[in-house]
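Below: one structure, written as structure tokens.
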Amino acid sequence: MGLHLADRCRRVGMDVVAVCDRDEARQAAARETLPDALSTARWEDLLDLGLDAVVLANDFYAHAPLAVTFLEHGVHVLSESAACADEAEGRRLIAAAERSTATYSFAENYVLHPHVRLIRAAVDAGEVGRISLIEADYLHGMAPDAVDALIGDPDHWRGRLAPTAYCTHTLSPVLALTGAWPVEVSAFTVDEADPRAAVVMTVRLSSGALAVTRHGFLQGEPDSHWSWVGVRGTRGLAESVRAPGARAWSVRVRGESWTAPPGAAATVRDEERVPPPLTLGGRTVERAAEGTALLLTAFRATVEDGAPPLIPVRQAVAASLVGVAGARSLAGGSVPVAVPDVAPAGPSAGE
């Protein structure tokens, strides 16, 4: 993922001047792709290079200590995976980001995928009304031996994680679409005969709405991006289309007949919306890359122009801590577990 992001950084106009990996084969691949970049196996070597920014794509639960150190050195951080491993680490990260001259951004590209942006537009336009229920899936349909190679292998990072941990591809869109914070989570194993394969989490939000998220490996998912989002509100529904190929990026929006404006025919509105093409730098971005392209463009604006982080540190920590609290819920027999409150203080903290 690090080399992939390095290539994408260059596409949006950033200079990649250094790469770091402990694995010599990966370093060799990076040197071949980025021959002018410094290559090192020690991340500490990057601290004295005068970097403007760093992209962290290291082990899943190992981002926070590096992020804190880079922030203390005035280097802008984009973190590609879980923001923290527990509450204490998350609070240290928040404190470091808020006292630093640099910024922390969360590399959660699923917030910016085409279907999520279309749903956001419908929500912002008031078509859905007040959100009551929001659902999000991050699921993979894979052969049993391929799944076992990931979550059954303790030498693979996925094999060392709680099944709730890899949840930010659902929780970050949930928090972005609702503007709410997670309050409490209950996590459930889908299949007790294969408890690590898939989990469902129910999350009470500070707005009063309920979020239902599904994670892991279940068969029959569309083959494009493994993401489905649905929002039900007091006026209607907006959900991404479950379909293979390009239609999986489209969104179905339904408005009930009684929501028709005065003087208009009282009929149900039910339509499928196709996201418009995204053009950056005069080039049309492929659908699956739109989220990453927008994310990195926003990160560049944060570094160069002082724009606010697209997904800042408190939202990143909140989404990550749902997975931590979810693991506690599973271990306790699916009991409700409070999610640590990391919302900023003030009257709008729960909005």
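The values are calculated or read from the model by the stated rules, or taken from the named source; none is laboratory data. Because the structure is predicted, anything quoted here is derived from the model rather than measured. For neighbour counting, all protein chains shown are included, and Cβ atoms are generated from backbone atoms with ideal geometry for every residue, glycine included.
If only one of 47, 3 is more than 25 Å from residue 166 (Cβ to Cβ) and assigned to a helix (DSSP H, G or I), which one is it?
47
From the list 302, 297, 234, pick out the single residue that is surrounded by fewer than 16 Cβ atoms within 10 Å (Cβ to Cβ), farther than 22 Å from residue 167 by Cβ and β-branched (Val, Ile, Thr).
Going through 302, 297, 234 in turn, just one is surrounded by fewer than 16 Cβ atoms within 10 Å (Cβ to Cβ), farther than 22 Å from residue 167 by Cβ and β-branched (Val, Ile, Thr): 234.
Could you figure out which of (1) under 30 Å from residue 268 (Cβ atoms); (2) in a loop (DSSP other than H, G, I, E, B) isn't true of residue 132?
Of (1) under 30 Å from residue 268 (Cβ atoms); (2) in a loop (DSSP other than H, G, I, E, B), only one is false for residue 132: (2).
Output the number of the condition that residue 159 fails; it satisfies all remaining conditions of (1) part of a helix (DSSP H, G or I); (2) out of contact with any Leu (no Cβ under 7 Å at 6 or more places or on another chain).
Of the numbered conditions (1) part of a helix (DSSP H, G or I); (2) out of contact with any Leu (no Cβ under 7 Å at 6 or more places or on another chain), the odd one out for residue 159 is (2).
Residues being part of a helix (DSSP H, G or I) and either among the acidic types (Asp, Glu) or in contact with a Phe, Trp or Tyr (Cβ under 7 Å, 6 or more places away or on another chain) (or both): count how many of those fall in segment 31-44.
The qualifying residues number 2.
Hey, does segment 51-66 have a residue that's surrounded by fewer than 19 Cβ atoms within 10 Å (Cβ to Cβ) and more than 30 Å from residue 343 (Cβ to Cβ)?
yes
Being touching a residue at least 12 places away in the same chain (Cβ under 8 Å) and either part of a helix (DSSP H, G or I) or touching a His at 6+ places or on another chain (Cβ under 7 Å) (or both) is the filter here; which residues of segment 6-30 pass it?
Result: 6, 7, 8, 9, 11, 24, 26, 27, 29, 30.
Being in contact with a Phe, Trp or Tyr (Cβ under 9 Å, 6 or more places away or on another chain), crowded, with 21+ Cβ neighbours inside 10 Å and hydrophobic (A, V, I, L, M, F, W, C) is the filter here; which residues of segment 152-172 pass it?
Listed by number, the residues that qualify are 165, 167.
Looking at the structure I just gave you, is residue 330 in contact with a helix residue (DSSP H, G or I) (Cβ under 7 Å, 6 or more places away or on another chain), outside any strand (DSSP E or B) and hydrophobic (A, V, I, L, M, F, W, C)?
no
Does residue 264 satisfy the condition of being modelled with pLDDT of 95 or more, small (Gly, Ala, Ser), more than 24 Å from residue 120 (Cβ to Cβ) and not assigned by TED's automatic domain parsing to the domain that holds residue 60?
Spelling it out, it is not the case that residue 264 is modelled with pLDDT of 95 or more, small (Gly, Ala, Ser), more than 24 Å from residue 120 (Cβ to Cβ) and not assigned by TED's automatic domain parsing to the domain that holds residue 60.
Table: residues versus (1) part of a strand (DSSP E or B); (2) not assigned by TED's automatic domain parsing to the domain that holds residue 243.
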{"position": "97", "(1), (2)": "no, yes"}
{"position": "115", "(1), (2)": "no, no"}
{"position": "139", "(1), (2)": "yes, no"}
{"position": "173", "(1), (2)": "no, no"}
{"position": "194", "(1), (2)": "no, no"}
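I'd like the full set of residues that are loosely packed, with under 13 Cβ neighbours inside 10 Å, part of a helix (DSSP H, G or I) and of a type in the set (A, V, I, L, M, F, W, C), limited to segment 141-151.
146
Would you check if there is a residue in segment 200-213 being assigned by TED's automatic domain parsing to the domain that holds residue 176, at pLDDT below 95, at positive phi and not acidic (Asp, Glu)?
Checked segment 200-213: no residue is assigned by TED's automatic domain parsing to the domain that holds residue 176, at pLDDT below 95, at positive phi and not acidic (Asp, Glu).
If you go through segment 260-294, how many residues are in contact (Cβ under 8 Å) with a residue 60 or more places away in the chain and surrounded by 12 or more Cβ atoms within 10 Å (Cβ to Cβ)?
Within segment 260-294, residues that are in contact (Cβ under 8 Å) with a residue 60 or more places away in the chain and surrounded by 12 or more Cβ atoms within 10 Å (Cβ to Cβ) number 12.
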